[in-house]
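The values are calculated or read from the model by the stated rules, or taken from the named source; none is laboratory data. Not measured: the values here are computed from a predicted model. Using ideal geometry, Cβ is built from the backbone for each residue, glycine included, and neighbour counts are taken over all protein chains shown. Protein only, heavy atoms only, side chains kept; ligands, DNA and RNA dropped before computing areas. Shrake-Rupley method; radii C 1.70, N 1.55, O 1.52, S 1.80 Å.
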Amino acid sequence: MTFTFTGKKYEVSDELRAYAEKKLSKIDRLFRTESDAFVTFRYERGRCTAEVTIRNNGMFYRVSEVTSDMFASIDSAVAAIERQVRRNKTRLEKKLRDGAFERVAPEVPEEEGEEPVEFNIVRSKRFSIKPMTPEEAVLQMDLLGHEFFAFRNESEDGVFAIVYKRKNGGYGLISATDADE
């Protein structure tokens, strides 16, 4: 697993870096291929935030944990990421053939009281995606009263894109790229 550490208004010590690497390395055994871990540490108003994103084989697992101690935030984040990986693995195993994940990792015991998550799609919708600029897409999204809006981005040669409202205000833009990039 390759690690990238970032401190936002926080100096990342060697001790904290080593602790995070040790804890996150335990998750690496759940993956068949090499994965990347991006860890961001932030300290604001007495709250220590550890944000962990793991990229493996096109899948992203992201968690943000806030406690009063940075080491405790790392512990919570690692536990949450491990639960996400376990749930995703269980869900995919049910959809795929038997034994699809035998080579991936040793079986991880399920936590008590934790039931597998079922996704029940209750509605499906098809629509044409029109070419427009991101600004036009934001206006259209606001007119419709939606939280996100899909469109073809004229400024990027018709690439599929999505604009969305951010929790802290403002808007975000997600654009599609080739899987190899």
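Scanning segment 26-35 for residues that are under 18 Å from the mean Cα position of the chain (by Cα), open to solvent by 20 Å² or more (accessible area, probe 1.4 Å) and within 12 Å of Val78 (Cβ to Cβ) turns up at least one hit. You will find that of Gly46, Gly58, the residue that is exposed (fewer than 15 other Cβ atoms within 10 Å of the Cβ), in contact (Cβ under 8 Å) with a residue 40 or more places away in the chain and over 15 Å from Lys23 (Cβ atoms) is Gly58 and no other.
Within segment 63-118, being small (Gly, Ala, Ser) and at pLDDT 65 or above holds for Ser64, Ser68, Ala72, Ser73, Ser76, Ala77, Ala79, Ala80. Among residues of segment 130-152 that are at negative phi, those with a Cβ under 9 angstrom from a residue that is polar (S, T, N, Q) and in a helix (DSSP H, G or I), sequence gap 6+ or separate chain, pair up as Lys130/Gln140; Met132/Gln140; Thr133/Ser155; Pro134/Ser155; His146/Gln140; Phe149/Gln140; Phe151/Gln140.
Residues that are in a helix (DSSP H, G or I) and open to solvent by 70 Å² or more (accessible area, probe 1.4 Å) were ranked within segment 1-20; the one that is farthest from Ile74 (Cα to Cα) is Asp14.
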